[in-house]
């Protein structure tokens, strides 16, 4: 099975003397979930920025298929002046919208609102909805369920895991129980 993500000997730091990542390697195949754990400031979110090519590594290579991302802070994920539906349809087809709204327990009328009109949990589910509708090969999840209560968190993670036949997931989390429950491998950085 070909790799959707191949990170080889990656090194990155904001200065060459203080590297966040040094000779870091990672491979991810369709159907896999890998969790990245570590202390705050260890480079977990920086790894995602490198994968998305918003940052350039000092050394090493990254080969990556199509990605979509769910950010930890859902309020920074959406433009404040446009409805959620407008922002979703700008990047994703809406042919499966109703199906996923039901799966993540989100009312269609909430998508007609501006981001600040939703709770953090509702907005995070809208962010997950958008990411799934984009039909990526890889879903990058940065603390995707931290704004959700435990019941909704479990349902959302089960829904995401049901899509592993069509994608792979890389999960950043501080929740070791969540990582142990869903990940094929836990990577500490």
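The values are calculated or read from the model by the stated rules, or taken from the named source; none is laboratory data. In this text, all values refer to a predicted model and were calculated from it rather than measured experimentally. Here Cβ is always computed from backbone atoms with ideal geometry, including for glycine, and neighbour counts include all displayed protein chains.
Quick notes on this one:
- Within region 14-39, residues that are on the phi > 0 side of the Ramachandran plot reach partners that are modelled with pLDDT of 95 or more and assigned to a strand (DSSP E or B) with beta carbons closer than 6 Å, at six or more positions or on different chains, in the pairs 23/9.
- Matching residues, region 69-80, being out of contact with any strand residue (DSSP E or B) (no Cβ under 6 Å at 6 or more places or on another chain) and outside any helix (DSSP H, G or I): 73, 77, 78, 79, 80
- Members of region 36-57 that are more than 15 Å from residue 173 (Cβ to Cβ) and surrounded by fewer than 17 Cβ atoms within 10 Å (Cβ to Cβ): 41, 49, 52, 53, 54, 55, 56
- Some residue of region 106-122 being touching a helix residue (DSSP H, G or I) at 6+ places or on another chain (Cβ under 9 Å) and under 23 Å from residue 44 (Cα atoms): yes
- Index of the failed condition, residue 133 passing every other in (1) out of contact with any strand residue (DSSP E or B) (no Cβ under 6 Å at 6 or more places or on another chain); (2) under 24 Å from residue 48 (Cα atoms); (3) at pLDDT below 95: (3)
Residues checked against (1) in contact with a strand residue (DSSP E or B) (Cβ under 7 Å, 6 or more places away or on another chain); (2) within 20 Å of residue 144 (Cα to Cα); (3) outside any strand (DSSP E or B):
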| site | (1), (2), (3) |
| --- | --- |
| 8 | yes, no, no |
| 27 | yes, no, no |
| 35 | yes, yes, no |
| 40 | no, yes, yes |
| 62 | yes, no, no |
| 82 | no, no, yes |
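- Candidate set from region 172-189 (those that are touching a helix residue (DSSP H, G or I) at 6+ places or on another chain (Cβ under 7 Å) and in a strand (DSSP E or B)); member that is surrounded by the most Cβ atoms within 10 Å (Cβ to Cβ): 172
- The set of residues in region 149-171 being in contact (Cβ under 8 Å) with a residue 40 or more places away in the chain and either assigned to a loop (DSSP other than H, G, I, E, B) or closer than 26 Å to residue 43 by Cα (or both) consists of 156, 161, 164, 165, 166, 167, 168, 169, 170, 171.
- Some residue of region 89-112 being out of contact with any strand residue (DSSP E or B) (no Cβ under 7 Å at 6 or more places or on another chain), closer than 30 Å to residue 18 by Cβ, in a loop (DSSP other than H, G, I, E, B) and in contact (Cβ under 8 Å) with a residue 24 or more places away in the chain: no
- Tally, over region 123-148, of residues that are in contact with a helix residue (DSSP H, G or I) (Cβ under 7 Å, 6 or more places away or on another chain) and under 18 Å from residue 176 (Cα atoms): 6
- In region 113-148, the residues that are at negative phi, part of a loop (DSSP other than H, G, I, E, B), surrounded by fewer than 23 Cβ atoms within 10 Å (Cβ to Cβ) and within 18 Å of the chain's Cα centre (by Cα): 134, 136, 137, 146, 147, 148
Residue by residue, here is whether (1) within 14 Å of the chain's Cα centre (by Cα); (2) crowded, with 18+ Cβ neighbours inside 10 Å; (3) under 18 Å from residue 166 (Cα atoms) holds:
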{"position": "16", "(1), (2), (3)": "no, no, no"}
{"position": "19", "(1), (2), (3)": "no, no, no"}
{"position": "31", "(1), (2), (3)": "no, no, yes"}
{"position": "59", "(1), (2), (3)": "no, no, no"}
{"position": "67", "(1), (2), (3)": "yes, yes, yes"}
{"position": "75", "(1), (2), (3)": "no, no, no"}
